[in-house]
Every structure is written in C-alpha cells, then in structure tokens.
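To keep things clear, I will list the structure first and then write my remarks on it.
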Amino acid sequence: MIEKEMDPGVIEQFLSELPEKAFHLGLRVVLAGLAFVIGMQLVRLIRSILKKALHKSHIDDSAVHFIDSFVKFSMYFVLILMIASGLGVDAASILALLGSASVAVGLAVQGSLSNLAGGVLLLVLKPFTAGDYIKDGQGNEGTVEAVDIFYTQLVTPDNRMIVLPNGTLANGTITNFTLRGERRFDIPVAISYKDDKKAKEVIERILREDACVLQEREIAVFVDSLGDHGINLNARGWALTADFWPAKWRITEQIKYALDEAGISIPYWQMDVHVDKM
C-alpha cells in the first residue's frame with residue numbers, strides 16, 4: 001500500500017487556527033457557565049413567585065411542595081437543554097436520541113414513573129395532607145412532613161424520618177388518625193368479680209370530671225368480657241384529636257389511683273398449686 005504524505009500546509013493551517021478556536025471554545029464555555037448561573041437564579045425567582053401565588057390561593061402545603069418540585073425539575077431540564085444547544089449540540093438530535101431511547105428509559109424508571117403517578121393521585125384524592133398523622137399498610141407511621149414528586153416524608157414521634165414511595169403509598173392502605181376532629185378512646189380495666197358496680201361508678205366519675213373528655217359524646221363504662229381472674233371493663237369516651245393521647249394517658253393513670261383509693265383490687269395472673277401428702 002502506498003502511504004499518502006500529509007500536506008504540511010494542513011498542519012500549519014490547523015496550528016494557526018488553534019488559538020482562535022480555543023478562544024471561541026473557552027468563550028462558549030464561560031458564557032454557558034454564566035448562563036447556567038443566571039438560569040439558576042431565574043429558576044429560584046420563578047419558584048419563589050409561584051409558591052407565593054399558590055399559598056395566596058390557599059392550596060394545601062403538600063400540593064405546593066409537589067408542584068414546586070415538578071416545576072424545579074422541568075425548568076432545570078429546559079435550562080440544560082438550552083445551554084447544550086448554545087455549545088453547539090443539536091437540540092433536535094438530543095430530542096431524537098431521547099425519543100429513540102424512551103422505551104428503554106421507561107422500563108428502567110418504571111418504578112419512578114409509578115411513584116410520580118402515585119404522587120399526583122395523592123394530591124388529587126387527598127387521603128392526607130401535610131401535618132396529618134398517618135399509618136400505611138406496612139406499619140410505617142408518622143406525621144406527614146412533605147409530599148415530593150416521587151416520595152412522601154414522614155416524621156415519627158421519636159423524630160425519625162421515614163421516606164415512602166408514592167406509588168406504594170397510593171396503592172396501599174392508609175390510616176389517617178388526624179383527619180377527623182374527634183377520636184374515641186377505649187381503656188381496658190381489669191377488676192375482681194366482687195367490685196364490679198363500685199368500680200364502674202369510680203371510673204365513670206373520672207370520665208365525667210376530666211376537662212378533655214367531650215361530655216356531649218358517648219361516655220360509657222361496661223363489662224367487656226369475663227376473664228379467668230376477674231372482670232374486664234372498658235372505659236369509653238371521646239376527646240379532640242389534639243388532646244387524644246394526653247387525655248388517654250392521664251385518665252388511665254387516674255383510674256389506677258382512684259381504684260386503689262377505693263380499695264378495689266386489680267387482679268393479676270396467679271397459679272395455685274396444691275400438693276397432696278402421701
């Protein structure tokens with residue numbers, strides 16, 4: 001094979017044009033970086049204006065957070081596409097490449113798309129809002145802090161963060177403990193068989209005197225079951241959702257002390273062993 005010699009003029013021309021090309025490339029990179037910085041500030045400004053407008057419209061905080069996250073990702077995608085086009089990358093080629101790879105990408109991120117759809121369903125159906133205390137079908141529970149595009153954040157009573165996929169949450173069972181303004185409490189109390197009537201009077205008096213117990217709702221003390229060692233009573237009442245746990249804990253403690261003062265014994269499990277003498 002006959003090797004062709006490279007024309008020295010081509011090399012000289014390349015070297016002579018190299019500084020100018022490097023300058024133009026460096027200028028494009030600097031302008032792209034500057035455009036990205038300015039674009040970030042514009043995105044922040046638009047997001048700030050949008051959030052203020054949404055809050056003035058009295059939209060739920062979860063919906064505001066979701067819309068803000070969606071707008072943020074969308075605007076950054078458009079910004080990066082514009083900067084790439086400014087650097088000489090053909091935007092049509094990028095979109096065509098994304099279109100041809102959409103099937104593979106869709107299979108790869110089907111879980112994320114499911115979470116995105118789940119987030120939309122949660123915002124539309126509103127089984128809970130930010131600040132509600134919920135529990136899902138897997139036993140995860142806590143106060144809803146935010147609903148993002150793909151995940152919902154819960155804060156547990158001991159200040160742990162639980163991140164739940166929106167897709168799983170939207171398709172599962174959700175128990176909302178704070179959706180209603182009032183909650184019923186049931187406090188089991190075991191007493192001996194001989195103290196049935198007296199104990200019911202003592203417990204009912206506590207329920208009637210407690211400031212957090214809603215007196216217009218049902219208040220009842222009844223025999224729930226007959227145990228092997230005593231009678232199992234149930235003290236039932238209603239309280240505001242915000243007062244539910246403090247009221248239940250306080251009443252349970254007061255019942256114990258009141259029964260002790262009234263001389264009513266709380267039975268405990270015991271076994272009597274009889275030994276026959278030979």
>> Can you give me the distance in nm between label points at K194 and F70, each placed 7 Å from the Cα along the Cα-to-Cβ direction?
In response: 7.0
>> Going by average Cβ density within 10 Å per residue, which order do the peptides 257-265, 229-237 take, highest to lowest?
In response: 229-237, 257-265
> What FRET efficiency, computed as 1/(1 + (r/R0)^6) with R0 = 25 Å and r the Cβ-Cβ distance, is obtained for Q138 and D61, rounded to the nearest 0.05?
Replying inline: 0.55
> Between S85 and R47, what length in nm is gained on full extension when 0.36 nm per residue of separation is reduced by their alpha carbon distance?
Replying inline: 11.3 nm
>> Could you check the spin-label model distance between F222 and E201? Points 7 Å from the Cα along Cα→Cβ, value in nm.
In response: 2.2
> Can you pull the percent of the stretch 142-210's accessible area that's carbon plus sulfur, 1.4 Å probe, other chains left in place?
Replying inline: 48
>> List the residues, sorted by chain then number, that are 5 or more residues from S192 or on another chain and whose placed amide H is less than 5 Å from its amide H.
In response: I231, S265
> Residues with amide H under 5 Å of G227's amide H, sequence separation 5 or more or different chain, H placed in the peptide plane at 1.01 Å from N; which?
Replying inline: N232
> For the stretch 34-44, what does the Karplus curve 6.51 cos²θ - 1.76 cosθ + 1.60, with θ = phi - 60°, yield as ³J(HN,Hα) per residue in whole Hz, taken in order and with x for Gly and Pro?
Replying inline: 5, 5, 5, 5, 5, x, 4, 5, 5, 4, 4
> Working out 0.36 nm times the residue gap between A242 and L179, then minus their Cα-Cα distance, what length gain in nm do you get to one decimal?
Replying inline: 21.6 nm
> How do 31-41, 166-176 rank on mean C-beta neighbours within 10 Å, highest first?
Replying inline: 166-176, 31-41
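The values are calculated or read from the model by the stated rules, or taken from the named source; none is laboratory data. Note that the structure is predicted; figures quoted are calculated from it, not measured. Ideal geometry is used to build each Cβ from the backbone, glycine not excepted, and the neighbour counts take in all protein chains shown. Accessible surface is based on the protein model in full, side chains and every heavy atom, while ligands, DNA and RNA are left aside. Shrake-Rupley method; radii C 1.70, N 1.55, O 1.52, S 1.80 Å.
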